[in-house]
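Have a look at the structure below, then the notes.
The values are calculated or read from the model by the stated rules, or taken from the named source; none is laboratory data. Owing to the predicted nature of the structure, the values given are computational and were not obtained by experimental measurement. A quick note on method: Cβ atoms are made from the backbone with ideal geometry, for glycine too, and the neighbour counts reach across all protein chains shown.
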Amino acid sequence: MRKVVLILVVLLMAAPAMAAVTITASQVAPGDPVDITYDCTGDDASGGYSLIAGMAFDISVDNGFLITSIGNFKTDGVSTNASPGFGIYMGSISILADPCGVYYIDDPGDPVADPCAPDSPGQIPGNDITIELGALSENSDDAPEASGILCSLVVSDPCGVDTATMTISLDDTRGGMVMTDQGDPCSINLPAGFQISAAGDCFPGSHSAAYLAGGTTTVGWNEYDFWVQAGKPDCWCQQSFADGYPKVNYQCKGDADFEFVGKDKLGKRVWVTGLDLDVVVAAWQKGDDLDTGVVGTYLGISYACADFNHAFEGKNKNGKRVNVTGADLDILVAGWQDGDDVAPLDVDCYGRASSADLLKPPL
């Protein structure tokens, strides 16, 4: 067995303009994994090969997003001409010795830092993680290429906010980025903040406690499960504009059509009106189909949008659950033709004041 020699490294120092390493986060489409890539230029690359020996990053997401898994990283350890890359994971690598005393890599591990490290780095699933990657090669022709992918991260959106910002920073505790003894100190370009999105449920499983009109507290009843059974109606969800400003949601307060209709004499928007009542009438005491949720629509609006308390109240003579009843009508009456500065419409179903979406152009 040939010995693999760890290339000597030097810590980064001040950076000449001719050398740079750029780290990029990219996502092809909402819900796709986020690819973390690198690109070495100038004196940080030689003959198409990278002169990076190792790197460590702290990666975080905001807005309640979670990093749920990591993949697309090198799994066969040593960098070779046939399989170049950063496949040595310092936090979890397993090195053993054969009977002749020659050390070899038993398991390269994975990029996520050891959870038992003194600084207790973030783990998966979580909103922040630490990754560390290194390269071992026998000669320069086996070194990682000058650019490539380090790993891919899968994210989820349990809070239904649609978008979040991913931030990548050097983990100086682990050396940040180190070069081989052939490499020059480099400048490091990191994304200031990368906008990501997840193809996740818009109505999270933990939502019941936060929802101001959470409905029944019957033992065994789960609002999220009921939403799934109702066909995951968008009208129950927290909505946001693409640039992050919220669109208020008064569905739990009697707004079945998710639109305001005119304004009151004080210029405040009126959300609960005749069309909302029409949807309630259409869905009134209708039994659902085989306990799989509210079915049927009125003018393209799901009957589930008239279920303001997100609960069923008994069953009809055929044993089907009845979802739109007097309790929902009471909610509609309470908000009937009130301006959105008057309780119960002074805040929406997610506790947001109506002024939040008045910051944006009219709906």
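Here are a few things to note about the model shown:
- Search result, residues across the range 92-117 that are more than 27 Å from the chain's Cα centre (by Cα) and either part of a loop (DSSP other than H, G, I, E, B) or not assigned by TED's automatic domain parsing to the domain that holds Thr75 (or both): Ile93, Asp98, Pro99, Cys100, Gly101, Val102, Pro108
- Against the test of being in the same structural domain as Thr180 (by TED's automatic domain parsing), of a type outside the set (S, T, N, Q), surrounded by fewer than 19 Cβ atoms within 10 Å (Cβ to Cβ) and more than 19 Å from Leu153 (Cβ to Cβ), the options Gly54, Gly48, Gly31 yield a single qualifying residue, Gly48.
- Residue within the range 325-332 that is under 36 Å from the mean Cα position of the chain (by Cα) and modelled with pLDDT under 80 present: no
- Conditions (1) at pLDDT 90 or above; (2) touching a strand residue (DSSP E or B) at 6+ places or on another chain (Cβ under 6 Å); (3) surrounded by fewer than 18 Cβ atoms within 10 Å (Cβ to Cβ); (4) among the acidic types (Asp, Glu); number of the one not met by Glu132: (3)
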